[in-house]
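Below is one structure; the comments refer to it alone.
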Amino acid sequence: MQFSFNGGIVSPEMFGRFDQAKYQTGVAKCKNFYVELYGGLTYRAGFRYVHHYDFALGTMRLIPFVFSEEQTVVLAIRGGAVNFFADGGMLLNDDDSPLEIVLPYATEHLMQLRYAQSADVITITHPSYPPRKIIRRGATNWTTEEVTVGYGLTSPQNIQGTIHKPSTTGYVEREYIYQVTAVNEENESAASERSPVLKNDLTLSGNYNTITWEAVEGATRYNVFKLRSGLASYIGETTELSFTDDYIETNGALTPPLIRDPFEHYPTAIAYHGQRKVYGGSFQSPQWLRMSRTATDDNFSYHIPLQDTDSIQVRFAARDGNGVKHLVPISDLMILTSGAVWKLSADGAVTAASVSVNPQSYVGANDVTPIQIGGAAVFSSDQTGHVHEISLSQGYNASYQVMDLSIMCPHLFEGHKIIDCALLRNPLNIVFFVRDDGTLLSLTYEPQQQVWAWAEHETQGKFLSVAAIPEDDQTVLYALIERNGFRMIERLLLRQPVELQNHCLLDSAYQYTGEAVDTLSGLDWLEGRTVSIFADGGDKPDAVVTNGEIKLSRKLSNVWVGLNYEGEVESLPLYAQYANPVKPKIASQVFLRVLGTQNIVVGVNQNALVTMPVTEHKPRSLERYGQPLNLISGIVQIPVASPYDRDLQITVKHDKPLPMKLLALEVDFK
């Protein structure tokens, strides 16, 4: 008996490895089911229709924007513009037109965009464009601007000086020049223009110079510097707009800040780490990192000599020329190139003197944004196409290690590449990956329980991009899907409502609730398609959408309309623990433990050249007419037609918009 399926899909190359633990919990095929953490398989929910774009507008990229659990949005970026989606709809302007702002990105560059968010601002980078901010100023008030580098405060203006020299005995005239900077908790401005030359002898008691300046908005205090040999050195600070120098000794270790431009070459990657904003890579300087001042966003000032809070510039010396692709902050800042994984670490606080960069693995990453889960990161390899995890190993001499999460099912990745991914955190940790052929892969991932299980998901179309945001007390997956001459925005909610009649188990689905009707209109995105209908808790006859309408078999009040998708689970070749595994065998009965299920179809060796008939489980229905179906929970016994063969594999299919959860499987065979 197979008690669990949380091994997920196992490659045919592993069919002889009965000794592996994954064999005991794995399956040969898992299509349109996702793997539960505790071991069950659940027929996936359907994708609900949100919006559709004309095919001529080109493809898009979905990016999540999460300010808080209650304030979340998906950005749909296409060539030249961006729209916004939340709570299953598109954000609109006051005149009910789509909220849209102009962006400079070309369609062919969308999947190479990198992004990082801080509060209401998401910063986007690409080595062909200046870094750009998209700023949320209100629920339907969004703006965009290029990132500008500055000190954060303007310099004090109108520096004036007054000479006081009551003492003249032994007077030797000297020249004094001053500069002032404005300061607050995060920033220090550039030095002001130099003051007029003040001629005095401050070595004499009673002589002093008074410097004044105009107030700077946002400043809480001012640092004052005196020039010695042409270099400005610190002499004191004040909260006033004047300062008195009565021969104060200079401190050459403190000087006015200078600034470096991190956008001399447009950066490839971006992240936040150690209270700093980090840019990495570019076409011209692929292995450079530039980090802002502590607790600032785009202040890249520094001092001579350097201070701990100054901006940092680092170049890591690699044996190849592969540039930075991603910056991933976990315990340390992981730097992913197309050929290696590097670690930027610090002995204590992140400062110019404390940072170091060291290689951790020679497995590179592709353009897909890595996913952070707890203390680990999951990324797609540029070299193999596989999906890898990087995490900190346990032990006294802990180091980062890279593990191939695809090793048990390489056939899902060979000849393909991953083009996008998104993480659902609630109700399960599931990472969804978009493959270049339009297939959606899911990885149920719980590293603390050593669970990683793969499944495949198909639809009547091609998946192009995905993004996940918190909504409706769970994490919701938004998907860009190409189908029927449109590019669709659709939405997947794993956690279904309690009432069966409100379950969404169709793709590109639309729900009507209200007075009983026998015609539904406004279905133009499904024009010409044969759609399935789930109404009032039961499966109804299919219909064809004509002129945006369908005709129902009778008047119905709670109707789901959408595209059907088939679920299929295929077991690994059966074997008995104490029997010869190559001895021919024949199956007679299949026992399934299910929970909240309707529509079960079972067969044996359905992928053989000569297939055997399948058996549909048809329990006697005792529901009153018009009432939702009663769901089956417990063990069901299904007789099957079986060949006499060395390898027997059980296939369980599900092809109606009804729920199904498979918990265990037992086969009676001889």
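The values are calculated or read from the model by the stated rules, or taken from the named source; none is laboratory data. Nothing here was measured: the structure is a model prediction, and the numbers come from that model. Virtual Cβ from ideal backbone geometry, glycine too; neighbours counted across all protein chains shown. Please note that ligands, DNA and RNA were not included when accessible areas were found on the heavy atoms of the full protein model with its side chains. Shrake-Rupley method; radii C 1.70, N 1.55, O 1.52, S 1.80 Å.
At-a-glance table
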| item | result |
| --- | --- |
| Lone qualifier among LEU336, LEU306, LEU344, LEU327 - being closer than 23 Å to PHE263 by Cβ and touching a Pro at 6+ places or on another chain (Cβ under 9 Å) | LEU336 |
| Where ASN547 falls short, out of the listed (1) of a type outside the set (Val, Ile, Thr); (2) over 30 Å from GLN117 (Cα atoms); (3) in contact with a helix residue (DSSP H, G or I) (Cβ under 8 Å, 6 or more places away or on another chain) | (3) |
| Counted residues, the range 638-653 - those being open to solvent by 20 Å² or more (accessible area, probe 1.4 Å) and part of a strand (DSSP E or B) | 3 |
| Residue within the range 376-386 that is modelled with pLDDT under 90 and touching a Phe, Trp or Tyr at 6+ places or on another chain (Cβ under 7 Å) present | yes |
| Pick from the range 463-513, criterion in a strand (DSSP E or B) and of a type in the set (D, E, K, R), ranking: nearest to ASP436 (Cα to Cα) | GLU482 |
| Set LEU254, LEU202: member being hydrophobic (A, V, I, L, M, F, W, C) and over 29 Å from ALA295 (Cα atoms) | LEU202 |
| Residue, farthest from ALA479 (Cα to Cα), within the range 9-45, restricted to residues that are among the polar types (S, T, N, Q) and open to solvent by 20 Å² or more (accessible area, probe 1.4 Å) | GLN20 |
| Every residue from the range 549-573 that is over 19 Å from LEU662 (Cβ atoms) and open to solvent by less than 20 Å² (accessible area, probe 1.4 Å) | ILE550, LEU552, LEU556, VAL559, TRP560, VAL561, GLY562, LEU563 |
| Some residue of the range 61-78 being under 24 Å from TRP452 (Cα atoms) and free of Cβ contacts under 8 Å to residues at least 40 places away in the same chain | no |
| Criterion violated by ILE270 - all others in (1) without any contact (Cβ under 8 Å) to a residue 60 or more places away in the chain; (2) more than 27 Å from ASN251 (Cα to Cα); (3) not basic (Lys, Arg) satisfied | (1) |
| Some residue of the range 261-270 being under 40 Å from the mean Cα position of the chain (by Cα), open to solvent by less than 50 Å² (accessible area, probe 1.4 Å) and small (Gly, Ala, Ser) | yes |
| PRO370 vs. criteria over 26 Å from LEU113 (Cα atoms) and modelled with pLDDT of 90 or more | no |
| Output for the range 249-264, where each listed residue is under 16 Å from ASP298 (Cβ atoms) and in a loop (DSSP other than H, G, I, E, B) | PRO257, ARG260, ASP261, PRO262, PHE263, GLU264 |
| Among residues of the range 505-546, those that are among the polar types (S, T, N, Q) and out of contact with any Gly (no Cβ under 8 Å at 6 or more places or on another chain), counted | 4 |
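Here is a yes/no grid of residues against (1) within 32 Å of the chain's Cα centre (by Cα); (2) more than 18 Å from ARG44 (Cβ to Cβ); (3) open to solvent by 20 Å² or more (accessible area, probe 1.4 Å):
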site: LEU493; (1), (2), (3): yes, no, no
site: ASP518; (1), (2), (3): no, yes, yes
site: GLY522; (1), (2), (3): no, yes, yes
site: GLY538; (1), (2), (3): no, yes, no
site: ASN547; (1), (2), (3): no, yes, yes
site: TYR575; (1), (2), (3): no, yes, yes
site: ASN580; (1), (2), (3): no, yes, yes
site: ILE586; (1), (2), (3): no, yes, yes
